[in-house]
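Chemist: The following block contains the structure, expressed as structure tokens.
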Amino acid sequence: MKPNKFVSRFLLYPASRLYGAGVSMRNMMFKCGILRQKKFDIPVIVVGNIAVGGTGKTPHAEYIISLMRKRYNVGVLSRGYGRKTRGFRMVDDESTPRTVGDEPYQMYHKYGGDKVVFAVCEDRVKGIENMLQLHPEISLFVLDDAFQHRYVKPSVAVVLMEYGRPIFDDSLLPFGRLREPAEAMDRADIVVVTKCPDDVKPLEFRMLKNNLKLFHYQKLFFSRFIYRDPVPLFSDSASPLGALKWLEKNDSILAVCGIGNPRPFVEYLRSFGMRVKVCLFSDHHYYNARDFKTIEQRFDKLSGERKLILTTEKDAVRMLSSRDFPESLKPFIHFIPVEVNFVGLEDESFDETLNKLIRNSNVAVKK
């Protein structure tokens, strides 16, 4: 038996059982009312997952924000994962990824305005109460990555699961990647299987649905990412590239990313047939001078008629906030935006389902 398998079997698996017992006890205390949930009198949409890693939560949260702001004054509340501050903070023009987290910072600069306000707070109840005091016009909340924060009772819970990492083939932390047992999906109103390949057959959708064993009242959707044309990270130093398909096979790309699961991004780049080298960092990584030196060295080693650096939108946010980004790389780096496209089996659309669940949530909806 290899050492890593020995460690997994005899150390991580028992730890996983202990972790699961603790999670199950906590969930039982909420179910029995020992730990109490607060229900607010305006709709609260919770977006989350039960597995660690990249399920595509940020693009899906952005999709929901974009949809809801058409009808409501939206308050978006996040924990602000990875920030260097604590407590309640509104997100504004003075915020940085280090003060509010990279994801709230990214979403604010896309959607912040008259109809959408953003804040971060570890305590979601306190965060909602503070936001309502400062912005009484808020008529709907979106709680980002709050499925496990059960002190707020959601009107609608949207839970994401990655197509390539199904929860029924996974285990609890630290042996696997699950934050909660698979049965926690019972609390979801909508389940979205994310990052589906373009060539998924209807039979595969049905097999996934059967394996998930959802209740009749739960709605299941499938989604995939649509990658848009690259955008210059520094628009005053580089011109737009246009579509990647116009690049030649002897061009070279350095893919730089620090996200939960970089594989779909890298596979997308490699699908065009160019030479792609990869430079990976940890999720939510804040880039410093040493990191940029590494990127610069790897970029210099690329061969080909044309050399480019391509990164994700989340990485772009963190790079732009760094003062250490080298001038020599600014003409070559672009980021690739992504959009969510829903596919699958349900008769009605994701948009229709979510709006219907909000209307039926037994809370006063003010517009």
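The values are calculated or read from the model by the stated rules, or taken from the named source; none is laboratory data. Here the structure is a predicted model, which is why all the values come from computation and not from measurement. Every residue, glycine among them, receives a Cβ derived from its backbone with ideal geometry; neighbour counts consider all protein chains shown. Calculation scope for accessible area: heavy atoms of the full protein, side chains included, ligands and nucleic acids excluded. Shrake-Rupley method; radii C 1.70, N 1.55, O 1.52, S 1.80 Å.
Chemist: How much accessible area per residue does segment 21-115 have, counting only protein heavy atoms and a probe of 1.4 Å, in square angstrom? Let's see the in-between values first.
Modeler: On the way: 4410 Å² over 95 residues.
Here the per-residue accessible area is 46 Å².
Chemist: Which order, highest average first, do 167-175, 49-57 follow once you tally other Cβ atoms within 10 Å for each residue and take the mean per peptide?
Modeler: On the way: 167-175: 17.0, 49-57: 21.6.
Result, highest mean Cβ count within 10 Å first: 49-57, 167-175.
Chemist: Which one, SER24, GLY80, ASN130, projects farthest toward the positive side of the charge dipole computed for the chain from Cβ point charges (K/R +1, D/E -1)?
Modeler: Comparing the listed Cα positions along the dipole, SER24 ranks first.
Chemist: Using the Cα centre as the reference, give the magnitude of the dipole from point charges on the C-beta atoms of segment 91-239 (Lys, Arg: +1; Asp, Glu: -1; all else neutral), rounded to the nearest 20 debye.
Modeler: Values: 19 positive and 24 negative charges, 150 e Å.
My answer is approximately 720 debye.
Chemist: Could you run the Karplus curve 6.51 cos²θ - 1.76 cosθ + 1.60 with θ = phi - 60° over segment 261-271 and give me ³J(HN,Hα) per residue in whole Hz, x for Gly and Pro?
Modeler: Result, rounded to whole Hz: 9, x, 4, x, 5, 5, 5, 4, 5, 6, 5.
Chemist: A further question on this structure: Which of ASN288, ILE259, SER237 sits closest to the plus end of the dipole of segment 186-311, meaning its Cα is farthest towards the positive end, when Lys and Arg get +1 and Asp and Glu get -1 on the C-beta?
Modeler: The one lying farthest along the dipole's positive direction is ILE259.
Chemist: Could you run the Karplus curve 6.51 cos²θ - 1.76 cosθ + 1.60 with θ = phi - 60° over segment 175-185 and give me ³J(HN,Hα) per residue in whole Hz, x for Gly and Pro?
Modeler: Once rounded to whole Hz, the list reads 5, x, 10, 7, 6, 9, x, 4, 5, 4, 4.
Chemist: Could you work out the local net charge near ARG318, counting Lys and Arg as +1, Asp and Glu as -1, over the other residues with Cβ closer than 13 Å to its Cβ?
Modeler: Here the count lands on -2.
Chemist: How large is the accessible surface per residue of segment 141-298, computed with a 1.4 Å probe and reported in Å² as a whole number? Could you put the intermediate results ahead of the total?
Modeler: Working: 7590 Å² over 158 residues.
In whole numbers, segment 141-298 has 48 Å² accessible per residue.
Chemist: Now a separate question. Roughly how many percent of the accessible protein surface of the chain is carbon and sulfur, given a 1.4 Å probe and a whole-percent answer?
Modeler: Numbers: 9260 of 18300 Å².
Of all accessible area on the chain, carbon and sulfur atoms account for 51 percent.
Chemist: Right, next: Within segment 118-257, how many lysine pairs that are 8 or more places apart, or on different chains, have C-alpha atoms less than 22 Å apart?
Modeler: 10
Chemist: Now for a separate question. Which residues in segment 55-97 place their backbone N less than 15 Å from a point set 7 Å from the Cα of GLU137 along the Cα-to-Cβ direction?
Modeler: 69-76
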